[in-house]
Amino acid sequence: MTKTYEQINEKIRAKKAVVYTAEEVIDLVKKKGAEKAAEEVDVVTTGTFGAMCSSGAFLNLGHASPPIRMTDIRLNDVEAYGGLAAVDTYIGATALTSDPKGGYGGAHVIEDLIAGKKIHLHAWGPGTDCYVRKDIDTYITLDDINDAYLYNPRNAYQNYSIATNTSDRTYYTYMGKLLPRMKNATFSSAGQLSPLINDPHLETIGMGTKIFFGGGEGYVVWPGTQYKTNVEEVNGVPVGGARTLALIGDMKQMDAKYVRGLDITGYGISMAVGVGVPIPILNADIMRRCAISDEEIFAQLQDYSQPVDRPAMARYSYAQLRSGSIEYEGKKIRTSSMSSYYGAKKVAAELKDWIESKEFTLNQPVLEFPKERTLKGLKERK
Amino acid sequence: MEKKFKIEFTESNVQDSVVYILVAEFNLKPNILKAQIEGDGTGVMLVSIEGEEADMVKAVERLKGIGLLVNELSNHITRNHDKCFSCGACVSICPTNSFTYDPVTWEVHVNTDKCIACGACVNACSVRALSLIL
Ligand code: SF4
Ligand code: SF4
């Protein structure tokens, strides 16, 4: 049995498409088998809501009168990039205020913009014959500015490691607060709900895939940075960070509930964003892969007190990780997540609702992403 | 029953006598959760007390009588529900399992009764949803 994108979209337009979340579909496939389930189900929705530093927004602020070519730009005192055209800028999630300890950064500016708050714009320029003005000090809102789109060079990591700390002091990392002597361990993938776990070889996800992004409609635009494929697989899914996606979406459609600025103690600013990818059930193989459950997805425990080379210490399933504790060499380590599974479920449910009732149709990718790719380190040269 | 109290004192030797009074005079079982004594002899201690309610009431009066400031602790950890996005970063940090995931929705719940006011969770929360009010 096979289906086409067009057949599925026709059913979506007729409000007759059968949509399951990646969680709900597990039992269905267990009961009916992948062949039968594939006949019944048209789309499976996925979701994730976790931290990703490689996030940011392109903004066009509009021209003031007299106009200014901004080269030094501050939004709520957070530095935005001044190397584009006169009033274009990119604000990165991890960018900081002039007081780096303020606990506020680019991700918070983005969240505040989406929440409709007033943002303080202070910018300076060289003053030229065509842009005479040298500074501007005003306030903007998302409604005022011409363009505002989130462009995250890397999102939706396909799996990730589990972090612990074997040392005698607390470590503050991007994987959260890690207590001494392996008292806890943190993980970040949404496991059975995670987009790239459900379509592990990107058979249906590529450039042009329409997605749920921060509460609005977005698109997959490119392989994410640090995309790699050479990671060992168990049950068809990599056991560590592998593929990633670059995503784009209009901030004016977004909801601040799904785009959150984070201040990770001892590490810095990051951004959590809700991402949901719909997977068209074109055949029974795709159905089978979407039915993967937390018991079958594995990640590796690593010691984040090691500055370099963190060998895998052990391997655990997401079912074990979600049980609240794991065992390592006879010792119980408490576990919890850095990404919100509660949020991931909401994303998958909301995307399901969009497909069922808002005629959210599926795009066939216009470009497939690399089947094979390895990562390079940074070589230091004289 | 078990209740938690914050006891503020002005002389550094009072800490021992508090425990003595609770045990010897009122047959209560105190468990010191946290004690901090400043260089000038002032200090604060958090103590969990087990025993009969009537004895506890009398004990509190007795301690107040010797010049100590005694306040029952409840809801000292507060979570801003609007800010919390139920990530769970706090869940594995808390020594008393005050945070739990809802088994169905995976929302993170807080049981303030279990909290011993250690403060460990506060800086583990990346959206600053947690605050400890002592
Ligand atoms: S203050 Fe300590 S005991 Fe209270 S909730 Fe936070 S981590 Fe748990
Ligand atoms: S760490 Fe903060 S945001 Fe995350 S679950 Fe705990 S209180 Fe909520």
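So here's what we get for this one:
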| quantity | calculated |
| --- | --- |
| B:Thr96 being more than 26 Å from A:Ala344 (Cβ to Cβ), more than 14 Å from every other protein chain (Cβ to nearest Cβ), within 15 Å of ligand 1 (Cβ to nearest atom) and open to solvent by less than 40 Å² (accessible area, probe 1.4 Å) | no |
| Helices (runs of 4 or more DSSP H) enclosed by the range A:281-382 - at least 3 residues per element that are away from chain B (no Cβ under 14 Å) and touching a residue at least 60 places away in the same chain (Cβ under 8 Å) | A:284-290, A:341-357 |
| Condition met for A:Gly261 (small (Gly, Ala, Ser), touching a helix residue (DSSP H, G or I) at 6+ places or on another chain (Cβ under 9 Å), closer than 22 Å to A:Gly105 by Cα and surrounded by fewer than 22 Cβ atoms within 10 Å (Cβ to Cβ)) | no |
| Filter result for A:Thr244 (in contact with a Lys or Arg (Cβ under 6 Å, 6 or more places away or on another chain) and either open to solvent by 20 Å² or more (accessible area, probe 1.4 Å) or among the small types (Gly, Ala, Ser) (or both)) | no |
| Number of the condition not met by B:Arg128 [criteria: (1) within 18 Å of the chain's Cα centre (by Cα); (2) more than 9 Å from ligand 1 (Cβ to nearest atom); (3) among the basic types (Lys, Arg)] | (1) |
| Residue in the range A:157-166 that is among the aliphatic types (A, V, I, L, M) and free of Cβ contacts under 8 Å to residues at least 60 places away in the same chain present | no |
| Where B:Pro103 falls short, out of the listed (1) at positive phi; (2) outside the structural domain of B:Ile49 (by TED's automatic domain parsing) | (1) |
| Given (1) away from ligand 1 (no atom under 11 Å from the Cβ); (2) in contact (Cβ under 8 Å) with a residue 24 or more places away in the chain; (3) among the charged types (D, E, K, R), number of the condition B:Asp113 does not satisfy | (1) |
| Residue tally, condition open to solvent by 10 Å² or more (accessible area, probe 1.4 Å) and closer than 12 Å to A:Ser189 by Cα, over the range A:320-343 | 2 |
| Residue list for the range A:93-109, restricted to those being outside any loop (DSSP other than H, G, I, E, B) and out of contact with any Ser or Thr (no Cβ under 8 Å at 6 or more places or on another chain) | A:Leu96, A:Thr97, A:His108, A:Val109 |
| Strands (runs of 3 or more DSSP E) fully within the range A:1-92 counting 2 or more residues that are surrounded by 18 or more Cβ atoms within 10 Å (Cβ to Cβ), at pLDDT below 95 and of a type in the set (D, E, K, R) | none |
| Test for B:Val47: is it within 15 Å of ligand 1 (Cβ to nearest atom) and either more than 22 Å from A:Ser337 (Cβ to Cβ) or over 18 Å from the mean Cα position of the chain (by Cα) (or both) | yes |
| Pair list, Cβ under 7 Å, 6 or more apart: the range B:117-133 residue under 19 Å from A:His108 (Cβ atoms) and within 8 Å of ligand 2 (Cβ to nearest atom), other residue among the small types (Gly, Ala, Ser) and modelled with pLDDT of 95 or more | B:Ala124/A:Gly176; B:Ala124/B:Ala89; B:Cys125/B:Ala89; B:Ser126/B:Ala89 |
| Residue in the range A:197-214 that is within 14 Å of chain B (Cβ to nearest Cβ) and crowded, with 19+ Cβ neighbours inside 10 Å present | yes |
| Condition met for A:Met271 (within 30 Å of A:Ile12 (Cβ to Cβ) and in the same structural domain as A:Trp222 (by TED's automatic domain parsing)) | no |
| Selected residue [in contact (Cβ under 8 Å) with a residue 12 or more places away in the chain, surrounded by 20 or more Cβ atoms within 10 Å (Cβ to Cβ), away from chain B (no Cβ under 14 Å) and not polar (S, T, N, Q)] from A:Leu96, A:Leu113 | A:Leu113 |
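Okay, residues lined up against (1) at pLDDT 95 or above; (2) farther than 29 Å from A:Ile211 by Cβ; (3) in the same structural domain as A:Val220 (by TED's automatic domain parsing):
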{"position": "A:Asp303", "(1), (2), (3)": "yes, yes, yes"}
{"position": "A:Tyr318", "(1), (2), (3)": "yes, no, yes"}
{"position": "A:Tyr328", "(1), (2), (3)": "yes, yes, yes"}
{"position": "A:Glu350", "(1), (2), (3)": "yes, no, yes"}
{"position": "A:Asn363", "(1), (2), (3)": "yes, no, no"}
{"position": "A:Val366", "(1), (2), (3)": "yes, no, no"}
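To keep it simple, each residue is scored yes or no on (1) surrounded by fewer than 20 Cβ atoms within 10 Å (Cβ to Cβ); (2) within 12 Å of ligand 1 (Cβ to nearest atom); (3) outside any loop (DSSP other than H, G, I, E, B); (4) of a type in the set (S, T, N, Q).
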{"position": "B:Leu63", "(1), (2), (3), (4)": "no, no, yes, no"}
{"position": "B:Gly67", "(1), (2), (3), (4)": "yes, no, no, no"}
{"position": "B:Glu72", "(1), (2), (3), (4)": "yes, no, yes, no"}
{"position": "B:Lys83", "(1), (2), (3), (4)": "yes, no, no, no"}
{"position": "B:Ser92", "(1), (2), (3), (4)": "no, yes, no, yes"}
{"position": "B:Pro103", "(1), (2), (3), (4)": "yes, no, no, no"}
{"position": "B:His109", "(1), (2), (3), (4)": "yes, yes, yes, no"}
{"position": "B:Gly119", "(1), (2), (3), (4)": "yes, yes, no, no"}
{"position": "B:Asn123", "(1), (2), (3), (4)": "yes, yes, yes, yes"}
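The values are calculated or read from the model by the stated rules, or taken from the named source; none is laboratory data. Small disclaimer: the values here were computed from a predicted structure and weren't measured. Cβ coordinates were reconstructed from backbone atoms using ideal geometry, including for glycine residues, and neighbour counts include every protein chain displayed. Ligands, DNA and RNA are stripped out before the accessible areas are found, and what is left, the full protein with its side chains, is counted by its heavy atoms. Shrake-Rupley method; radii C 1.70, N 1.55, O 1.52, S 1.80 Å.
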